[in-house]
Amino acid sequence: MAKEIRGIAASEGIGIAPAYRLVEPDLHYEKRRIANPMVEYKRFMQAVDASSADLQLLKDRAAGRLTPDDLAIFDAHIAILSDPELLKQVKQQIDQQICAEEAVDTVTTRFARTLAQLSDPYIQERAGDVRDVAKRLLSHLLGKHLPDIGAINQPVIIVAHEVTPSDTSQMDTRFIKGIVTDLGGRTSHAAIMARTLGIPAVVGTDHITRATKDGQQLVVDGLQGTVVVGPAADQVDHFTAKAQQLAREQKEWRQRVNAPSISKDGQRFEISANIGNPNDVAAAVQQGADGVGLFRSEFLYMGSDHMPTEDEQYQSYRQALIGMQGKPVVVRTLDIGGDKPLPYLPLPREMNPFLGYRAIRISLKHPAIFKAQLRALIRASAHGPLSIMFPMIGTIAELRAAKKIFNECKRELQKDQPGLGNSIKLGMMIEVPLAAINAEQFAKEVDFFSIGTNDLIQYNFAADRGNDEVAYLYQPLNPAFLGLLKHVIDAGHRHDTKVAMCGEMAGDSIALPLLMGMGLDEYSMSSSSILRTRTLMSKLDTNECARLADEAINQCVTAGEVRALVKERLGEIN
């Protein structure tokens, strides 16, 4: 009897093959007191050196299959092994006569738990990197070998509790037809690498390892986020046909890498990439992004053990601008606070951090931090077209205060470099409901809007988007919400203010014709969604889309009705 298990669609594609359960060696150890801490620490450092050598070898073996950015993951793991704080804490444990195995386990568990408790998904996923490094260290300390995925020589679906980046790097795409895990999310390094390699992946299933046996036939649908265990013959036929159709579509998408983002009737739009750091630029360029619509600058802060200096930030922004080869880059200023703390910037504990002290509210309260970022951005603007947008703006006074500080920084820098920063465009996120309602006034003050639908939706529906109990209220297609988006877009255009969108909705194929019909100028999304979106856009007529958007807003009552309406019209297109 076939069984369907749902998870998170992490890498597009269909995989059909027997299960290969990735069984790790038993890394349990005996807790013991040691007599000579110096000798024990030396044994630990030998494990560190051996683990570093392993990672370098894995990186060399993967060099022909992965991009430079994906290969940099191994450098990140090697960096964890040499992290001064980790080494110091392990030594402190060993100095208390604790064996190296327990010291490594204690310290890395503490590091991983700290990362996992942060609410930002990207940072949470870094906990998996720490666990991966810990596993490798323990294997050397215990004299046990980790599985050699590179030795697999027949088609299989990898089934695991968690797949690490080092696991993924060893996968031969001739034989690895899919990946399914209990844990993980779309932003994990393993998921990112699976997308790079083109391996279908479904993660976060919770119990796939308990639901499968070695050799059991599986279907992995990385489009819908489902896994079929023990599929019937007709199901295999269905998914085989689906895989063939997807292959034809992907071939069509790839032909549009260098094509303009243009509608069927010749209207020009921009499809840009969301990135978290300069290393993400390569994937954006590879996928033909028209620019970077959202550079989440907070990752520069959250990935550091100290407040990044002006020069350190300048180098990161400069790298991104040069990497985009003359295409525009939009940087969002520091968006931390509440649910995204910085260990080196004490912030108050809050009952409701999403409505609390965060983003622009922190920047305005800490002008020295804000000025360092703005100065770095202004300096970097010499290397390419740069725009700056302020997050969490709720009032005109906040916006004007941010602009005033920007202009002060620009004047200071122009004393030595006349004209520096004059080409920078200033914008703001539309994510606070009042800002959306007051878009007419805000449009007079900025060069562009960028609608952050993730927060705008949760604030409008009064529903935490991370709470499964109220997930049904996350309704980007609700007619009233669509009407609010149209209000923002129309207000922007009345004042020649460009309107972009950088939330998840921008890459949603059902939302695309509605947004095009409303006249949204720029769509910023994950790099892997760009070519699919550009291809669909080329098949849509903006006049028809405008009629569709009008019907959805004025004649539909529920989000379900809107979805059905759009699917019906898209079905006619395809």
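Every number in this text was worked out from the coordinates using simple rules, so none of it is lab data. All figures in this text were calculated on a predicted structure; none of them were measured in a lab. All Cβ positions, even for glycine, are placed from backbone atoms using ideal geometry, and neighbour counts span all protein chains on display.
Any idea what % of Cα-Cα pairs in region 463-574 are farther than 23 Å? Intermediate values should be presented prior to the final figure.
Values: 1717 of 6216 pairs.
Percent of Cα pairs beyond 23 Å in region 463-574: 28.
Strictly over 18 Å apart at the Cα level, which of K539/K567; K327/K425; K403/K486; K404/K444; K403/K425; K444/K498 would you flag in this model? Spell out each step's value before the answer.
Values: K539/K567 14 Å; K327/K425 14 Å; K403/K486 26 Å; K404/K444 16 Å; K403/K425 11 Å; K444/K498 11 Å.
Pairs exceeding 18 Å: K403/K486.
With θ set to phi - 60°, apply the Karplus curve 6.51 cos²θ - 1.76 cosθ + 1.60 along region 282-296 and write out the HN-Hα couplings as whole Hz, x wherever there is a Gly or Pro.
Listing the rounded values in order: 4, 5, 4, 5, 4, 8, x, 4, 6, x, 10, x, 7, 9, 6 Hz.
What percent of all Cα-Cα pairs in region 243-329 falls into each 10 Å bin, going from 0 up to the bin containing the maximum distance?
15, 38, 27, 14, 6, 0
Please give the calculated 222 nm ellipticity per residue for the chain, where each DSSP H segment of at least 4 residues contributes -39500 (n - 2.57) and the sum is spread over every residue; nearest 500 deg cm²/dmol?
Mean residue ellipticity at 222 nm (helix-derived): -15000 deg cm²/dmol.
Translational D (Stokes-Einstein, µm²/s) of the chain at 10 °C and 1.306 mPa s when Rh comes from the Kirkwood sum over C-alpha pairs?
The diffusion coefficient I find is 62 µm²/s.
Please say if region 37-142 is rounded, prolate or oblate, where rounded means a/c under 1.5 for a ≥ b ≥ c the square roots of the C-alpha gyration tensor eigenvalues, and otherwise the choice is prolate for a/b larger than b/c and oblate otherwise?
Note, shape of region 37-142 comes out oblate.
Of L294, L434, L342, how do they rank once you tally other Cβ atoms within 10 Å and put the fewest first?
The order, fewest Cβ neighbours first, is L434, L342, L294.
Describe numerically, in nm with one decimal, the distance between label points set 7 Å from Cα along Cα→Cβ at Y357 and at D83.
Simple spin-label model gives 2.6 nm for this pair.
Would you compute, for the Cα atoms of region 467-523, the largest minus smallest coordinate along each principal axis and list the three values in descending order, in whole Å?
41, 19, 17
For region 37-142, what is the charge dipole size about the Cα centre, in debye to the nearest 20, if Lys and Arg each add +1 at the Cβ and Asp and Glu each add -1 at the Cβ?
So the dipole magnitude of region 37-142 works out to roughly 160 debye.
Summarise the long-distance tail of P(r) for region 322-415 by giving the % of C-alpha pairs beyond 18 Å.
Value for region 322-415 (Cα pairs over 18 Å): 50 percent.
Provide Rg and Dmax in Å for region 394-447, with only Cα atoms included in the calculation.
Values for region 394-447 (Cα only, Rg and Dmax): 13.2, 41 Å.
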